[in-house]
Amino acid sequence: MTYSLLIGQRSYSSWSLRGWLPFAAFDIPVEVTSTVIYSEAFSADVARFGGGETVPVLRTPTGGILTDSLAIAWHLTEAFPDKGLLPSDPIQRAEAQSLIAEMHSGFVALRSACPMNLRTAWEGGAVTDAVRHDLTRLEGLWSDALAQSGGPYLFGAYSLADVFFAPVAIRIAGYGLPVGPLAQSYVTAQLAHPAITLWREAGLAEDAEVAKYDMGLPRRPFPMPV
Ligand SMILES: N[C@@H](CCC(=O)N[C@@H](CS)C(=O)NCC(=O)O)C(=O)O
């Protein structure tokens, strides 16, 4: 028996990305099943898988069901204590856990104004005061962690903190949101992670564009690092 994960469309489902990235980045075997968020089949697919109302959903090898990306993260840190999903230093570990929790519950303005989209990037979106506030908070958190660790990831080596901020990095790149050079270099490091390339390519192959995510703005190619 192995892990079994239900996800939504890779180009658009940011929480699915957070559920899947730990498996890819830390080399944990998982079988992935896809459903289509906002489709007629979605609720039945999620229920059949054993989930609640959203993706991701994870079935563990021993029959446990985890219905939230944060629950998946905590489960994996317990199940794989030697894989380095969180920093081992207790102070850094507490910081990483706080960052993950804040990402999971916060940054609502940024998340709602700029839906994740790995198929295209947009020009000229308005940056509201609420989005600017979220960006300032993000830059503060990232700068503190990167200054202490020296990068390239928040705690030096890639960790679950980076997993949780990956969709935000994708949004900053895709909407050209205004951030300083340190945050920009962290965004580039995030996009350069091989798991992000894998996820994006699988997303481009799996579906046509979903009209709901058309921002009605001028488009440019999504800026993946070369
Ligand atoms: N707190 C949940 C959020 C999950 C979530 O909102 N997933 C979205 C897809 S990105 C979803 O399933 N939306 C479908 C719906 O709300 O009907 C988590 O961390 O997993």
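The values are calculated or read from the model by the stated rules, or taken from the named source; none is laboratory data. Predicted model, so just to flag it, every value in this text is computed and none were measured. Keep in mind that these areas ignore ligands, DNA and RNA; they rest on the heavy atoms of the full protein, side chains included. Shrake-Rupley method; radii C 1.70, N 1.55, O 1.52, S 1.80 Å.
Brief remarks follow.
- Kirkwood-type radius of region 56-131, with distances r between different C-alpha atoms, in Å: 15.3
- Counting only protein heavy atoms and a probe of 1.4 Å, the accessible surface of region 89-226 is 59% carbon and sulfur.
- If the chain linking Glu40 and Glu53 were pulled fully straight, counting 0.36 nm for each residue of separation and taking away their Cα-Cα distance, it would gain 3.4 nm.
- Alpha-carbon Rg/Rh ratio, for region 3-79, with Rh computed the Kirkwood way: 0.93
- Semi-axes of the equivalent ellipsoid for the chain, computed as √(5λ) from the eigenvalues of its C-alpha gyration tensor and ordered from largest down, come to 26, 24, 15 Å.
- Accessible area (Å², per residue) of the chain, counting only protein heavy atoms and a probe of 1.4 Å: 45
- For the chain, hydrophobic long helices are taken as DSSP H runs at least 20 Å long by C-alpha position along their axis with mean Kyte-Doolittle hydropathy of -1.0 or more; these are 90-105, 129-149, 160-175.
- Region 1-135, Rg to Rh (Cα coordinates; Rh as Kirkwood inverse mean 1/r): 1.00
- Dividing the C-alpha radius of gyration of region 90-197 by 2.2 N^0.38 Å, with N its residue count, gives 1.01.
- Proximity of backbone amide H atoms, modeled 1.01 Å from N, is registered between Gly156 and Gly151 at under 5 Å, excluding neighbours fewer than 5 places apart on the same chain.
- Carbon/sulfur fraction of accessible area - region 3-79, other protein chains in place, 1.4 Å, %: 50
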